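As structure tokens, the structure follows; a few thoughts come after it.
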Amino acid sequence: MITRDGAYVSLWQDMPVYETQRKPSSTLLYDVVIVGGGITGISTALLLQKSGKNCLVLEAHNIGFGTSGGTTAHLNTLLDNPYTTIIKNFGTDQAKLVVQATREAIHLIKHHVQDYSIDCGFEEASAFLFSQDEKQSKELDDIAKACEEVGLNLQYTSSIPSPIPFEKAIRVEEQAKFHPLKYIYALAKQFEALGGTILQYSRVNNTTEEDDIIEIESESSTFKTKKLIYATHIPPSINLLHLRCSPWRSYAMAVKLKDGKYPDGLLYDMYDPYHYYRTQVVDGERYLIAGGEDHKTGHEANTEKCFRQLESTIRRYFDVSEIAYQWSSQYFEPTDGLPYIGHLPGHSENVYVATGYGGNGMTFSSVAAIVLRDLINTGESIYADLFSPSRIKPIAGFVDFIEHNADVVKQFIGKWFATEELDGVAGLAQGEGKVVKYNGEVIALSKDSDGTLHAVSPVCTHMKCSVAWNLAEQTWDCPCHGARYSADGKVVTGPASRDLEPIELRTLSEKEN
Ligand code: FES
């Protein structure tokens, strides 16, 4: 089974670790190196390799470690950020282009599935957006009007394929669903068959640019490339995009139903945060997948509660016999409603990024693959301006801000604490974590399922915010830009690239010796 960035196991995770076919070369000059082996990295790598480029994908963990292995895999042109918002922020013509781009993305996935005979449960489906009170109905009418304005065909419908009561509903065709990891694995195989290279378990630690050549230091070796793409969800280091994308967590469950009445279609209510439902067959078993209860990363003290609230919502409408899987995952919400795909601000024209997908990562990952392929091959894309990360205006004082924060001071070198004393101060149950003050120091303390205490500095190594314990996933999560760390401080999710500073614990008997 592959690993992911948290303690819970998703519906998709029961896959062997992807077996790569060839070793990378540290002497070769690659045309493109893509950092990140999620759906964006692998899709982009395939399109570029197909177009004649020689590409290397570098992944810090295993393929599908991050959100690609924790998505609920809806493929939409009916987006989370409604067209009312997109029209308001970008105008009607640009919003029409968003419809065109997301349609193109779903077609690309469909063609991949057909051309490569991918057995990933891909199915076209209708999406149903439904209101449950007067205020939501008014909002639904506005969204429906905006959808029509941008050329997204919809119908009002008097029935939805679920027992959830509703006031009004719209139906939009030509959406889809699939098993994300089976799709990604198949694309990775095609990429390698065309001569591409993938290296897993090799975190990128540093990059330097000189004379149009980018040198990439990874955990295993150094590589050279002409172009670099960050497909890491949010780019590492410190960048304007960190101020323009906020990290959110979403919760999901895959459940079995007693009555076998699994809904067709993709269903969305209109609460804030909203709930989403769909059915998927995985290895011959049918599951209802439901999600919601989203909150900003690091802003919810009891993340287990989010699962219980989601469970109670599902049980209100469906006859659940078993909760087979529950998991959470992270996404980045852009400030103006659309992703940032293109040249990475603050770097040369040879460095690219794709981030800020909101809740539509499966669709926007293929949009990114198309845009980045075209930008790298021709310097142009019809979507370049629409998704350009440079639409962000520089912020006065940002340079000072970087200089002030970039150097994280090591404060615990040479210090240690007695396990029994800290245990007494924190009073943690197994699985709990807390930031405590002790003897003038602030310490992030957690207790694992064996009762072992772990202590690390709570200062995020990205830009020095204080991390918060994620009870459900047993991680330290940073509320500022979404970096996440294991209980013992190892980076599991960027933008941080350095681990939390470890704090030494000794037992009292060790102290006396
Ligand atoms: Fe930026 Fe923690 S992720 S400060």
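The values are calculated or read from the model by the stated rules, or taken from the named source; none is laboratory data. Keep in mind the model is a prediction, meaning the values are calculated, not measured. Glycine also receives a Cβ, built like all others from the backbone with ideal geometry; neighbour counts cover every protein chain displayed. Remember, those area values only see protein heavy atoms, side chains included, never the ligands or the DNA or RNA. Shrake-Rupley method; radii C 1.70, N 1.55, O 1.52, S 1.80 Å.
For Lys490, the accessible surface of its heavy atoms amounts to roughly 110 Å² (probe 1.4 Å, protein chains only, rounded to the nearest 10). Since only Leu48, Phe122, Tyr251 are under comparison, the one whose Cα sits farthest along the positive direction of the charge dipole of the chain, derived from C-beta charges on Lys, Arg, Asp and Glu, is Phe122. Semi-axis lengths, largest first, of the ellipsoid equivalent to the chain are 36, 30, 22 Å, with √(5λ) applied to each eigenvalue of the Cα gyration tensor.
Taking all protein chains as shown and a probe of 1.4 angstrom, Leu28 keeps an accessible surface of around 70 Å². Applying a 4.7 Å Cβ-Cβ cutoff to the chain, the cysteines left without a disulfide-compatible partner are Cys55, Cys120, Cys147, Cys245, Cys306. Evaluated with a Cβ-only charge set (Lys, Arg +1; Asp, Glu -1), the chain carries a dipole of roughly 340 debye about its Cα centre, given to the nearest 20. In the chain the longest region clear of GluC sites (Glu not before Pro) that are loop-assigned by DSSP and have at most 15 other C-beta atoms within 10 Å covers 20-166. Region 39-103 and region 132-164 have Cα centres spaced 24 Å apart.
Report, in listed order, any pair from Lys23/Lys189; Lys168/Lys305; Lys296/Lys434; Lys296/Lys464 with a Cα-Cα distance greater than 25 Å. From Lys23/Lys189; Lys168/Lys305; Lys296/Lys434; Lys296/Lys464, over 25 Å: Lys168/Lys305. Charge tally for Gly359 (other residues, Cβ to Cβ under 10 Å; Lys, Arg +1; Asp, Glu -1): -3. Per residue, the chain reaches -8000 deg cm²/dmol at 222 nm when only DSSP H runs of four or more residues are counted, each adding -39500 (n - 2.57). Would region 1-145 count as rounded, prolate or oblate if I go by the C-alpha gyration tensor, calling it rounded below 1.5 in a/c and otherwise prolate when a/b exceeds b/c, oblate otherwise? Note, shape of region 1-145 comes out prolate.
Over the Cα atoms of region 147-275, each weighted equally, I'd like the Debye log10 I(q)/I(0) at q = 0.18, 0.20, 0.22 Å⁻¹, rounded to two decimals. Result of the Debye calculation: -1.20, -1.32, -1.44.
A dipole drawn for region 8-162 from +1 and -1 charges on Cβ atoms has a positive end, and of Tyr30, Leu75, Ser158 the residue lying farthest that way is Tyr30. For region 1-159, a simple Cβ point-charge model (Lys and Arg +1, Asp and Glu -1, everything else neutral) yields a dipole of about 540 debye relative to the Cα centre. Tell me the label-point distance for the pair Leu508, Asp133, using the 7 Å Cα-to-Cβ offset, in nm and rounded to one decimal. Each label point is offset 7 Å from its Cα along the Cβ direction, giving 5.5 nm. Summing charges over neighbours of Lys226, with a neighbour being any other residue whose Cβ is under 10 Å away from its Cβ, gives +1 when K and R count +1 and D and E count -1. Would you mind telling me the share, in percent, of accessible area of the chain contributed by carbon and sulfur at probe 1.4 angstrom? C and S atoms contribute 47 percent here. The overall shape of region 122-181, judged from the alpha-carbon gyration tensor, is oblate: a/c is not under 1.5, and a/b is no greater than b/c. Given a 1.4 Å probe and the protein chains as shown, Asp93 ends up with an accessible area of around 110 Å².
Here's the thing: no lysines lie within a cross-link span of Lys258, going by alpha-carbon distance under 22 Å and ignoring same-chain residues fewer than 8 apart.
Computed on region 255-314, with alpha-carbon pairs under 8 angstrom and 6+ residues apart, the relative contact order is 27 percent.
Residues in region 441-513 average 37 Å² of solvent-accessible surface per residue, probe 1.4 Å, ligands and nucleic acids excluded. Qualifying trypsin sites (Lys or Arg not before Pro) in region 254-302, where qualification requires a DSSP coil assignment and no more than 14 other C-beta atoms within 10 Å, comprise Lys258, Lys261.
Over all other residues within a Cβ to Cβ distance under 13 Å of Asp385, the charged ones net out to -2, with Lys and Arg as +1 and Asp and Glu as -1.
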